[in-house]
């Protein structure tokens, strides 16, 4: 045993000496020629973590908008679709106290999870189409609330019931439900985000279309904190309409300080200049977390002339620095009517990382490091929130991996985003004109070659991903190996350098 240990240490020291000897001692044996490759964006849509299109499968009303899709139809033809949104009343998930029907969520979720997509959740407590979004048993347990009519407010004969959002019985039952929900979904990598949806009609953060009772910001903060009590890992989302409460700016400020991101429900409800209002509100959120943008139901928006040609949706994406954009309609109809707009938005939505230049030593001697650099631009309007590290992968003629070389000092999370001049919906129909140019960043490093590498010519692939070299981020490049590695050239490895 002792002899084997000594031999292993000797092999390790031999490799260490070759990898870390001074550079000038190797220059005679190492070619100083360099391969330089310029790359261009091929224009293809990307599906990446923490960005993309959000399909509304349940949109409060269970029939909207996934009900026309066959169980086998996961809209694979929708470019950059990444998240399926399940927005459903609490009463559908806990019809009897303590008896949960999670299959309401898990059944459609699995169709997309199996395709590498994620889900997002909003559970509402008040709706304008069903009497009890909050389960009726909560009212029967003594929770206070109000009957209401849409457009009228509180009225004894109102067909719908909304809880008093400060009522202790309601909050106690909600607390228990959120605990059960968090036990299943908090920290689950299949979940992209969860809305704080327990306040306001449709879970939208206001009572304008329900009781019209104006609650103080403290009520919203109480609900935010109830979610934070249980959801400690998954990204939580505040609604821009929290600002409609009394002193609502305090609720938005609390959400920002508490680590929530922001969504806007909904833009393009009204025609310009009232197409959207809260691009400025999004500015302190987007540098930290992905902002979610939801347009009005496409059909009504188009019908009242607020949609126009859809360019205002693009402008809002740019001004909010949005990472997610919603498909708020029958998804296939929306796709067929807006293919050009979707392609246009996909060029900027979230992050879009393009390595414009890659350099590496054309010939490297075993025992000496490979010098390489990469210049990358983020051509999107949001940071690459998950981050990632550039890596070169060397492959042999059988496509086997022979070396993984990661620059652990280069995190693409730090790449600057394209800046947008906030001009609002009254501006022109050419929002790209107000978008600043991408800012390139160059990272250089030298990587130690693995001791088991043999002399020969190897294909060089570039990727972005984990610090251990697993690709996670798609780039708009050709020559993809199917695992988000992109072939950029080749390198020659020769025998060990001689002193």
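For region 404-440, how many residues meet the condition of being under 25 Å from residue 466 (Cβ atoms) and part of a loop (DSSP other than H, G, I, E, B)? Total meeting the criteria: 11. Scoring residue 380 on the criteria (1) at pLDDT 95 or above; (2) more than 21 Å from residue 46 (Cβ to Cβ); (3) assigned to a loop (DSSP other than H, G, I, E, B) leaves a single failure, condition (2). Taken over region 327-346, the criterion of being crowded, with 17+ Cβ neighbours inside 10 Å and in contact (Cβ under 8 Å) with a residue 60 or more places away in the chain is satisfied by 327, 328, 329, 330, 331, 335, 342, 346. For residue 161, the stated conditions hold: it is more than 18 Å from residue 59 (Cα to Cα) and touching a helix residue (DSSP H, G or I) at 6+ places or on another chain (Cβ under 9 Å). Sub-6 Å Cβ pairs linking a first residue in region 87-101 that is in the same structural domain as residue 128 (by TED's automatic domain parsing) to a second residue that is surrounded by fewer than 14 Cβ atoms within 10 Å (Cβ to Cβ) and modelled with pLDDT of 95 or more, at least 6 apart or interchain, are 93/101, ordered by first then second residue. Sub-6 Å Cβ pairs linking a first residue in region 303-314 that is in the same structural domain as residue 270 (by TED's automatic domain parsing) to a second residue that is modelled with pLDDT under 95 and surrounded by fewer than 16 Cβ atoms within 10 Å (Cβ to Cβ), at least 6 apart or interchain, are 311/429, ordered by first then second residue. Take the residues in region 388-428 that are touching a helix residue (DSSP H, G or I) at 6+ places or on another chain (Cβ under 9 Å) and either outside the structural domain of residue 463 (by TED's automatic domain parsing) or crowded, with 19+ Cβ neighbours inside 10 Å (or both), then tell me which one is nearest to residue 315 (Cα to Cα). Step by step, filter region 388-428, then rank; the result is 425. The set of residues from region 105-124 being surrounded by 16 or more Cβ atoms within 10 Å (Cβ to Cβ) and not in a helix (DSSP H, G or I) comprises 117, 118, 119, 120, 121, 122, 123, 124.
When you go through 489, 469, 456 one by one, which is the residue that is at pLDDT 95 or above and under 22 Å from residue 48 (Cα atoms)?
On inspection, the qualifying residue turns out to be 469.
Anything in region 71-104 that is over 26 Å from the mean Cα position of the chain (by Cα) and either surrounded by 12 or more Cβ atoms within 10 Å (Cβ to Cβ) or in a loop (DSSP other than H, G, I, E, B) (or both)? List them, or say none. Those that are over 26 Å from the mean Cα position of the chain (by Cα) and either surrounded by 12 or more Cβ atoms within 10 Å (Cβ to Cβ) or in a loop (DSSP other than H, G, I, E, B) (or both): 91, 92, 94, 95, 97, 98, 100, 101. Would you mind stating whether residue 324 is within 21 Å of residue 263 (Cβ to Cβ), in contact with a helix residue (DSSP H, G or I) (Cβ under 7 Å, 6 or more places away or on another chain), surrounded by 22 or more Cβ atoms within 10 Å (Cβ to Cβ) and assigned by TED's automatic domain parsing to the domain that holds residue 66? When the stated conditions are applied, residue 324 does not pass them. The condition (being touching a residue at least 40 places away in the same chain (Cβ under 8 Å) and within 16 Å of residue 369 (Cα to Cα)) is satisfied by just one residue among 460, 417: 460. Do we find a residue being modelled with pLDDT of 95 or more, surrounded by fewer than 18 Cβ atoms within 10 Å (Cβ to Cβ) and part of a loop (DSSP other than H, G, I, E, B) anywhere in region 307-318? Scanning region 307-318, I find at least one residue that is modelled with pLDDT of 95 or more, surrounded by fewer than 18 Cβ atoms within 10 Å (Cβ to Cβ) and part of a loop (DSSP other than H, G, I, E, B), so the answer is yes.
Among all positions in region 256-279, there is at least one residue which is touching a residue at least 24 places away in the same chain (Cβ under 8 Å), in a helix (DSSP H, G or I), under 29 Å from residue 231 (Cα atoms) and assigned by TED's automatic domain parsing to the domain that holds residue 208.
Residues to consider are 360, 443; find the one that is part of a strand (DSSP E or B), in contact with a strand residue (DSSP E or B) (Cβ under 8 Å, 6 or more places away or on another chain) and surrounded by 20 or more Cβ atoms within 10 Å (Cβ to Cβ).
Result of the check over 360, 443: 360.
For region 348-355, the count of residues that are over 24 Å from residue 421 (Cβ atoms), in contact with a helix residue (DSSP H, G or I) (Cβ under 9 Å, 6 or more places away or on another chain) and either modelled with pLDDT of 95 or more or surrounded by 22 or more Cβ atoms within 10 Å (Cβ to Cβ) (or both) is zero. Residue 295 passes every criterion in (1) in contact with a strand residue (DSSP E or B) (Cβ under 7 Å, 6 or more places away or on another chain); (2) touching a residue at least 40 places away in the same chain (Cβ under 8 Å); (3) within 20 Å of residue 83 (Cα to Cα) apart from (2).
The values are calculated or read from the model by the stated rules, or taken from the named source; none is laboratory data. All values reported here derive from a predicted model rather than from experimental measurement. Positions of Cβ are backbone-derived with ideal geometry, glycine not excepted, and every protein chain shown enters the neighbour counts.
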